[in-house]
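Please treat every number below as a calculation from the coordinates, not as lab data. Nothing here was measured: the structure is a model prediction, and the numbers come from that model. Cβ sites come from the backbone with ideal geometry, for glycine too, and all protein chains shown count toward neighbours.
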Amino acid sequence: MMYEQRSGAPLPPEGHVLIVGAGLAGYHTARGVRANGHTGPITIFGEENRPAYDRPALSKAYLTGAAAEEDLLLDDPEDPLDVTWVSGVGVVRLSGSADGTEPLGVHTHDGAFHPGDAVVITTGAYAMSLPAASSEEGLGARPYVLRNMEDALALRDTTLEGLDVAVVGGGFLALEAAATCTERGAGSVTVAAGEEHPGARRLGRPVGEAIRAAHEAHGVRFASASRAQAVRSCHRGHEVILADGETITADIVICAIGARPRTEWLLGSEVTLTSDTGAVACDDTGATAVPGVYAAGDCAQWASHSSGLRPVGHWQEAVEEAAVVAAALTGADPVPLQEPYFWSDQFDLRIQGAGRIHLANEVTVAEGSPAEGNLLVHYARDGQNVGILGINRLKDVTRWRKQRRIRRTPASAAVHAAENAPFSA
Ligand SMILES: Cc1cc2nc3c(=O)[nH]c(=O)nc-3n(C[C@H](O)[C@H](O)[C@H](O)COP(=O)(O)OP(=O)(O)OC[C@H]3O[C@@H](n4cnc5c(N)ncnc54)[C@H](O)[C@@H]3O)c2cc1C
């Protein structure tokens with residue numbers, strides 16, 4: 001696929017910025033645009049009828065009740081964003097064309113057209129779920145998912161004490177949900193992770209072993225490594241059906257099997273969607289195929305010359321991309337993208353990963369052991385270090401990230417400019 005640097009001239013000072021999606025990337029884009037001195041209007045459209053909030057706590061402190069809704073709010077009441085919030089309003093169509101013949105703007109579900117000088121797409125993702133299989137008890141099996149505040153509220157308001165919980169998925173979200181349900185007194189928690197050691201395929205066996213050991217120490221059970229295929233109702237509640245025929249019977253099922261970019265409203269527009277996930281295809285300034293239209297966060301697939309395809313679905317990535325888009329919009333100095341970074345909290349484990357772990361062909365345990373709940377893992381490709389993962393190793397991961405930080409010195413700015421030249425991916 002050919003990715004070209006597509007960003008055009010910065011906005012005029014009174015240019016109107018339309019941001020579609022009042023989540024993490026949308027909020028930080030607006031903050032960055034204002035911080036860079038833009039004085040024109042900014043409108044943020046949000047489909048949810050509530051103030052913009054941050055999501056990581058939805059599977060952690062918010063789900064246990066340790067954090068309240070106001071703790072998750074993104075805007076700072078002491079220093080509120082100077083923007084127009086349009087809440088409870090979904091955007092249904094993008095207007096704009098590569099040749100400039102269609103006016104730039106967005107259509108909302110109430111039929112209104114909102115013209116703008118730039119549009120930033122930050123519509124995030126949908127939670128994916130298992131298909132419902134038919135049963136004598138009928139369909140009706142609807143697993144819980146965790147993507148937005150409504151999802152988390154539904155699970156938070158369910159009494160879990162003594163209930164059997166099945167969690168489908170082997171990613172961090174699933175494992176955080178398993179840990180939280182255990183902490184909330186569920187009778188049993190069984191995880192269908194689709195692999196023997198959750199995370200081993202992506203992060204290496206030692207990490208998978210450490211995660212499994214920590215969960216088992218708290219009583220979490222793991223089903224066979226076979227993938228879950230469907231969920232159905234049964235006389236006891238629900239049954240998760242695995243590919244090898246094993247079934248897990250549970251009172252409630254939580255499905256955390258991944259996310260799909262929320263881009264269906266862009267079908268028919270001139271913005272390019274990737275053929276595999278349907279994310280908005282962007283260069284490494286967030287520019288799309290339509291001049292004046294940018295995308296950032298979980299709905300976007302950025303291609304960076306320095307690190308190839310950027311990861312999708314991580315908090316840090318959404319915040320960094322927002323800063324880059326804000327710079328491109330306002331003509332501020334380009335903000336270099338840092339090494340990818342993610343974290344997860346499960347029981348007393350803080351797992352942090354940085355770098356391009358997906359490129360690694362060697363995984364080495366540098367310190368600790370999976371059984372200890374304290375592990376430092378290095379990732380290399382053909383002998384070159386490409387990433388690090390720490391379990392309860394805050395200092396080591398912080399040091400690695402600091403050493404890898406791309407500094408905004410003139411020399412690195414020149415390197416960055418060279419890296420941003422058009423390339424094929
Ligand atoms: C439960 C949970 C826990 C997480 N924990 C971690 C973690 O521990 N570590 C980590 O690195 N990352 C974590 N993440 C990932 C991180 O939160 C996301 O990467 C980040 O929220 C992405 O930001 P975003 O702005 O792209 O999307 P979102 O924050 O999802 O915001 C998108 C917004 O757009 C709105 N929207 C969608 N379509 C439209 C439309 N057509 N019109 C108007 N508005 C629309 C949505 O309602 C939503 O409010 C977690 C995510 C979830 C869901």
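Under the rule of -39500 (n - 2.57) per DSSP H run of 4 or more residues, summed and divided by the residues of the chain, what mean residue ellipticity at 222 nm is obtained, to the nearest 500 deg cm²/dmol?
When only DSSP H runs of four or more count, the value is -6000 deg cm²/dmol.
Put +1 on the Cβ of every Lys and Arg and -1 on every Asp and Glu Cβ in the chain; which of VAL165, ALA200, THR288 then has its Cα farthest towards the positive end of the dipole?
Highest projection toward the positive end goes to ALA200.
Note the full-extension length gain between HIS358 and ARG227 as 0.36 nm times their separation in residues minus their Cα-Cα distance, in nm to one decimal.
45.0 nm
What three numbers, in Å, describe the spread of the alpha carbons of region 15-151 along their principal axes, ordered from the longest?
Dimensions of region 15-151 along the principal axes of its Cα atoms: 58, 40, 23 Å.
Would you kindly give the portion of the calculated P(r) for the chain that falls above 34 Å, as a percent of all Cα pairs? Mind showing how you got there, number by number?
Values: 31792 of 90100 pairs.
Above the 34 Å cut-off, the chain has 35 percent of its Cα pairs.
What is the sum of charges around GLU176, taking Lys and Arg as +1, Asp and Glu as -1, for the other residues whose C-beta is under 9 Å from the C-beta of GLU176? Don't jump to the answer; show the numbers that get you there.
Values: positive: LYS60; negative: ASP345.
Computed value for this residue: 0.
With axes computed from alpha carbons, what is the tilt in degrees of helix 315-330 against the longest principal axis of the chain, rounded to the nearest 10 within 0 to 90?
For 315-330 against the chain, the angle is about 10 degrees.
Which whole-percent values make up P(r) of region 297-365 when all C-alpha to C-alpha distances are grouped in 5 Å steps starting at zero?
3, 14, 22, 23, 17, 10, 6, 3, 1
Treat every Asp and Glu Cβ in region 356-408 as -1 and every Lys and Arg Cβ as +1, leave all other atoms uncharged, and give the resulting dipole magnitude about the Cα centre to the nearest 20 debye.
Using only the charged Cβ atoms, the result is roughly 620 debye.
Just add up the charged neighbours of TYR27: K/R +1, D/E -1, any other residue whose Cβ is under 12 Å from the Cβ of TYR27.
0
What is the pair-distance distribution P(r) of region 136-277, computed from all Cα-Cα distances in 10 Å bins starting at 0, with each bin given as a whole percent?
Distribution as computed: 11, 38, 32, 14, 4, 0 percent.
Given points 7 Å out from each Cα along the Cα-Cβ axis, report the ASP244 to ARG405 separation in nanometres with one decimal.
Each label point is offset 7 Å from its Cα along the Cβ direction, giving 4.7 nm.
Going by amide H atoms built from the backbone, whose H comes under 5 Å of the H on GLN301, apart from near neighbours?
VAL280, ALA281, CYS282
Under 10 Å from the Cβ of TYR126, count the other residues' Cβ atoms, weight Lys and Arg +1, Asp and Glu -1, and hand me the total. Let's see the in-between values first.
On the way: positive: ARG147, ARG260, ARG262; negative: GLU264, ASP298.
Result for the local shell: +1.
How big is the gap, in Å, between the Cα center of region 239-281 and the Cα center of region 63-125?
Centre-to-centre distance over Cα atoms comes out at 23 Å.
Among ALA178, ALA243, ALA152, which one moves the most in a GNM of the chain with springs linking Cα atoms closer than 10 Å?
The residue that fluctuates most here is ALA243.
Might you report the magnitude of the Cβ-based charge dipole of region 190-249 about its Cα centre, with Lys and Arg at +1 and Asp and Glu at -1, to the nearest 20 debye?
160 debye
Can you tell me, using C-alpha contacts under 8 Å and at least 6 residues apart, the relative contact order of region 129-257 as a whole percent?
Across region 129-257, relative contact order equals 34 percent.
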